[in-house]
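Novice: Here it is, the structure in full.
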Amino acid sequence: MPEMVESRTRFRFTQKALEALPPHDPESTSSQMELCDTECVGLRFNKSKSGRCYWFFRFRWRGRKCAMKLGEFPGMSLKQARERGWEVKSALARGEDPRRAVEAKANTLTFREFIEAHYLPHARRTLRRPDVVISRLNTGSLPAFGDRHLDAITVRDVQQFHAAMKERVSTTTANHHLAVLKAALNLAVKWDWMEKNPCLAVKKFQQPEGRDRYLSLDEVKRFLAALEKAENKAIASGLRMLLFTGLRCGEVFNLRWEDVDAAERTVLLRQTKSGKSRRVYLSGTAWAEVELMREHRKNGHPYVFPGRQAGRPVLQPRCTFKAALEEAEIANFRVHDLRHTFASHMVQLGASLFEVQKSLGHSTSLMTQRYAHLADSGLRDRADQTAQRLTGTDG
């Protein structure tokens, strides 16, 4: 075979050289530039005037010139493109049309078919909250990619989907939609339905810092007074339990009597956000809410905070919570902020961030760091006391 002569459009590709290429000349009569790799003969790199890049492989099949699209750059790297190119050459050497095997597999499933036939059964078996994933699929990636073949989903498509979701919902929720799509396509790659996950090249949006809203002592007093007037005593007691423990809403309202230990005054949380069970020691104030619910327990109801439906827990405390806020004249406050209230006052009373982390059930200290600034005032007071002692002005 004669030696390949290198030129401006024919050379040995490198990842760095391809990434540095400018878009195709907008004044050119051709719609895109085409470059040839001298290492894997037949491999082509096309770049359009808009800067979009594709891999192609050109070959002859039964005397006819053919071109086969391999993928989009940089979603498919140079190394991966060459590997696909050698696979095409191997198929040709065996006397096979390389397009048939690749296209047959790629065109077998659309995104919707993959999700419904393969991903959802897996998700229902393995995920703790498959309903959340299903909801995000139905409101996000399924409408966007449902009829698209798996191999036709590109990095640019995912970027546009991610940006479009940000226009519709919050930045955090848009990132959640990206995470769901990424997890699904990771399995598609793992199960050999796709060559590469295009989501890997898409970065999450920077999310805003968490809310710093918690009740002042005066607001706490008004809130507790408002709960005393609530018609639904089970929900009112559950809301007080949230305030007195810093537990999550689902952890409190899904609490069953079988997980309450009266001797130790503890509750066992079987389902937590981290997926691990944990035992929580209750204060006397929090335990009083458990005793109150025990006094009102009817017909052996399995839940500590019973709902209106027989055998079911409280499903939605929102109406009672909203009414209590209106009665107490408290604005800009959510149920989850009761958790922040507990943690914030705990820190201000001198608890260490490690103690707060254990109380809230955070798996790492990262989430607990949001309360670090509240500990600064306590440190400042102790520094003042130390300085006064050292200078003999502490009286």
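The values are calculated or read from the model by the stated rules, or taken from the named source; none is laboratory data. Quick caveat, the model's predicted, so the values are computed rather than measured. Virtual Cβ from ideal backbone geometry, glycine too; neighbours counted across all protein chains shown.
Novice: Could you list, in sequence order, the residues of the stretch 216-241 that are more than 20 Å from ARG308 (Cα to Cα) and either touching a Leu at 6+ places or on another chain (Cβ under 8 Å) or part of a helix (DSSP H, G or I) (or both)?
Specialist: Across the stretch 216-241, the qualifying residues are LEU217, ASP218, GLU219, VAL220, LYS221, ARG222, PHE223, LEU224, ALA225, ALA226.
Per-residue answers, yes or no, for (1) in contact (Cβ under 8 Å) with a residue 60 or more places away in the chain; (2) crowded, with 20+ Cβ neighbours inside 10 Å; (3) within 17 Å of ARG112 (Cα to Cα):
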{"residue": "ALA174", "(1), (2), (3)": "no, yes, no"}
{"residue": "LEU185", "(1), (2), (3)": "no, yes, yes"}
{"residue": "ALA201", "(1), (2), (3)": "yes, no, no"}
{"residue": "LEU224", "(1), (2), (3)": "no, no, no"}
{"residue": "ILE235", "(1), (2), (3)": "yes, yes, no"}
{"residue": "LEU243", "(1), (2), (3)": "yes, yes, no"}
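Novice: Determine if the stretch 245-252 includes at least one residue that is in contact with a strand residue (DSSP E or B) (Cβ under 6 Å, 6 or more places away or on another chain), farther than 13 Å from ASP337 by Cα, modelled with pLDDT under 95 and not in a loop (DSSP other than H, G, I, E, B).
Specialist: yes
Novice: Working only within the stretch 13-64, note down all residues that are among the β-branched types (Val, Ile, Thr) and either over 16 Å from LEU78 (Cβ atoms) or not assigned by TED's automatic domain parsing to the domain that holds ALA93 (or both).
Specialist: Answer for the stretch 13-64, where residues must be among the β-branched types (Val, Ile, Thr) and either over 16 Å from LEU78 (Cβ atoms) or not assigned by TED's automatic domain parsing to the domain that holds ALA93 (or both): just THR29.
Novice: OK, next. Collect the residues in the stretch 153-172 that are in contact (Cβ under 8 Å) with a residue 24 or more places away in the chain and either among the polar types (S, T, N, Q) or out of contact with any helix residue (DSSP H, G or I) (no Cβ under 8 Å at 6 or more places or on another chain) (or both), keeping them in residue-number order.
Specialist: THR154, ARG156, GLN159, THR171, THR172
Novice: Can you pull out every residue in the stretch 188-199 that is assigned to a helix (DSSP H, G or I) and crowded, with 18+ Cβ neighbours inside 10 Å?
Specialist: ALA188, PRO198, CYS199, listed by residue number.
Novice: Name the one entry in GLU6, GLU27, GLU39 that is farther than 23 Å from VAL189 by Cβ, among the acidic types (Asp, Glu) and at pLDDT 90 or above.
Specialist: Of the residues listed, the single one that is farther than 23 Å from VAL189 by Cβ, among the acidic types (Asp, Glu) and at pLDDT 90 or above is GLU39.
Novice: Okay, next question. As an exercise: evaluate VAL132 against (1) modelled with pLDDT of 90 or more; (2) under 14 Å from the mean Cα position of the chain (by Cα) and give the number of the one condition it does not meet.
Specialist: All conditions are met except number (1).
Novice: Let me spell it out: the conditions are (1) surrounded by 13 or more Cβ atoms within 10 Å (Cβ to Cβ); (2) closer than 27 Å to THR173 by Cβ, and ALA91 meets all of them except one. Which number is the exception?
Specialist: Evaluating ALA91 over (1) surrounded by 13 or more Cβ atoms within 10 Å (Cβ to Cβ); (2) closer than 27 Å to THR173 by Cβ leaves (2) as the failure.
Novice: Let me ask something additional. Suppose the filter is in contact (Cβ under 8 Å) with a residue 60 or more places away in the chain and either at negative phi or over 35 Å from the mean Cα position of the chain (by Cα) (or both); does LEU70 pass it?
Specialist: Taking the combined requirement at face value, the residue does not satisfy it.
Novice: Give me the residue from the stretch 253-267 that is in a loop (DSSP other than H, G, I, E, B) and of a type outside the set (D, E, K, R) and, out of that set, surrounded by the fewest Cβ atoms within 10 Å (Cβ to Cβ).
Specialist: Here the answer is ALA263.
Novice: Applying the selection to the stretch 19-29, what residues are under 13 Å from SER48 (Cα atoms) and surrounded by 10 or more Cβ atoms within 10 Å (Cβ to Cβ)?
Specialist: Within the stretch 19-29, LEU21, PRO23, HIS24, ASP25, SER28 meet the criteria.
Novice: Looking only at the stretch 288-321, count every residue that is among the small types (Gly, Ala, Ser), in a loop (DSSP other than H, G, I, E, B) and either more than 33 Å from the chain's Cα centre (by Cα) or surrounded by 13 or more Cβ atoms within 10 Å (Cβ to Cβ) (or both) and tell me the total.
Specialist: The qualifying residues number 3.
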